[in-house]
Structure formats: C-alpha cells, structure tokens
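These notes are about the structure you will find just below.
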Amino acid sequence: MYKRILLKLSGEALAAGRGFGVDVDTVHQISMEIAEVRESGVEIAIVVGGGNFFRGVAEQARHMDRVSADHMGMLGTVINSLAFQDSLEKCGVHSRVMSAIEMNQVAEPYIRRRAIRHLEKGRVVIFAAGTGNPYFSTDTAASLRAMEIKADILLKATKVDGIYSADPVLIKDATKYEEITYLEVLQRGLKVMDMTAVSLCKDNGMPMIIFNMNKPGNIVRVVSGERVGSLVTA
C-alpha cells in the first residue's frame, strides 16, 4: 500500500469514446474509486489531461501558433479538473483544484507547500493547467508534480492494460512487459509517455505503473499492491 500517489488521467478517457466533452458517468465512476482509495488512508493527487477539449499538437491546431494552442489545451485541463472536483465532493471527498495558471475565481494557485498541506489534511489535490508553460505535456506535468510532492509512485491510467512492444490493437501478438526500465522504454522507442516525462522520471528515480482505467476497480487494485498493468522503474 502506497502512502502518497499521483494519478495521471487522460482527457480523452473522460469523453468515454465520444471524442469530445466530459462524460459525467465516467467521471463519477472514477471518483467513486478514488473515494474508496482515499478512505483507506492514501493521499491522492491527480493530473488530468485536456485532450477531450483541445490539444496543442492536434490536427485542428495545425495552423495556430503553438503557444496559443497549448494555452487552450491547458484551459481544457481546468474544465476537466473542475468536473472532477464537483464529482469528488458529491462522493464526500474534500478536494482542491490548484492551477499552474492563476485564475483565483475558480482554482487556487499552485503552491507546492500548500499542495502538500492539503494532502496531509486528507484532501484530494487536482493539479490543473499542466506546468503552466507551453511545449510541455500533461505527462511531463504529472512527472514534475509527482516529484514535487514526493509521491511514492506515479500511476498512469490509460485505455490499455500495460506497456506492449507494439500497439496491441494493431498487432495481436505484441509482447506485454510486466516490468521494464525507463532506459529500455527510451531505447525501444515505446510510446508510454513523452520523452521529457520519461527522462524526468528516470533521472529522479520515480517508479510508474501503466494500467487500464476502463476496468472497474483497477485503481483500487493498483494502490493496494496487486500486480496490475506494467511497472516502470529507474
């Protein structure tokens, strides 16, 4: 059982296959699992992506200035974070949204010491707006925040049940890695998360588990120490 975790959720997963927007039932289902984990005494921080609204490197942003497009993506993560906060509060879990871009009417500014204090008081902390800087993904933001709050592990919830040698949807006999190092991920060019995030975790010894969030109960299983998904170590 981990004491403090950082959970990275993709924005696309919140759209539940619709491609755009927030599916309230999906958010509620994830919130229920987070509430169960929180009741067991684990301190939880969340970083959520914004791909269900806008992605700076997406086709629709092709003719846009990259900085403007990335800022739009960051605002998408704020929308998702507020949806999670609302859902968690309905599940009886106290939570705080902390934004890397100041918007005091809807979220607290991100201050590391304050974030750690919220976690110590049993609140779920949702980190919004990525790192606050363009050219950095929410994967990198998750790695950075995990290190800043001294999380025991980074949990990346995806639509596949681990890391494979190739896309398991396209190649049926792709090999699943139960355990792999960050160096092997880099050498084999596996699309686990972007290279900046991988290098950051590798250099700072942050372990990570990639697992399927679409299977109910998986968040609880991972946190309780069951072998779910793929473990990446430094």
**Request:** Can you give me the number of residues within segment 120-130 that are surrounded by 21 or more Cβ atoms within 10 Å (Cβ to Cβ) and at negative phi?
**Result:** 5
**Asked** Are there any pairs, at least 6 apart or on different chains, whose C-beta atoms fall under 8 Å, with the first in segment 90-101 and under 18 Å from G50 (Cβ atoms) and without any contact (Cβ under 8 Å) to a residue 40 or more places away in the chain and the second surrounded by 21 or more Cβ atoms within 10 Å (Cβ to Cβ) and among the hydroxyl-bearing types (S, T, Y), and if so, which?
**Response** V97/S81; M98/Y110; S99/S81; S99/Y110
**Request:** Return the total of residues in segment 178-195 being among the charged types (D, E, K, R), part of a helix (DSSP H, G or I) and touching a residue at least 12 places away in the same chain (Cβ under 8 Å).
**Result:** 1
**Prompt:** Pick from T175, T131: which is among the polar types (S, T, N, Q) and touching a residue at least 12 places away in the same chain (Cβ under 8 Å)?
**Reply:** T131
**Message:** Among the residues of segment 123-133, are any farther than 24 Å from V37 by Cβ and hydroxyl-bearing (S, T, Y)?
**Reply:** yes
**Asked** Is one or more of the residues making up segment 219-229 under 25 Å from G51 (Cα atoms), in a strand (DSSP E or B), touching a Gly at 6+ places or on another chain (Cβ under 8 Å) and among the hydrophobic types (A, V, I, L, M, F, W, C)?
**Response** no
**Prompt:** What are the residue pairs meeting all of these: first residue in segment 63-84, first residue closer than 26 Å to S31 by Cα, second residue in a helix (DSSP H, G or I) and hydroxyl-bearing (S, T, Y), Cβ atoms under 9 Å, and 6 or more apart or on different chains?
**Reply:** G73/T138; M74/T138; T77/T138; F84/S31
**Request:** Determine which single condition D194 fails, assuming it passes every other condition in (1) in contact with a helix residue (DSSP H, G or I) (Cβ under 6 Å, 6 or more places away or on another chain); (2) modelled with pLDDT of 95 or more.
**Result:** (2)
**Request:** Tell me, yes or no, whether segment 142-155 has at least one residue that is touching a strand residue (DSSP E or B) at 6+ places or on another chain (Cβ under 7 Å), crowded, with 16+ Cβ neighbours inside 10 Å, polar (S, T, N, Q) and within 24 Å of E120 (Cα to Cα).
**Result:** yes
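The values are calculated or read from the model by the stated rules, or taken from the named source; none is laboratory data. Everything numeric in this text was worked out from a predicted model, so none of it was measured. All Cβ positions, glycine included, derive from the backbone under ideal geometry; neighbour counts span all protein chains shown.
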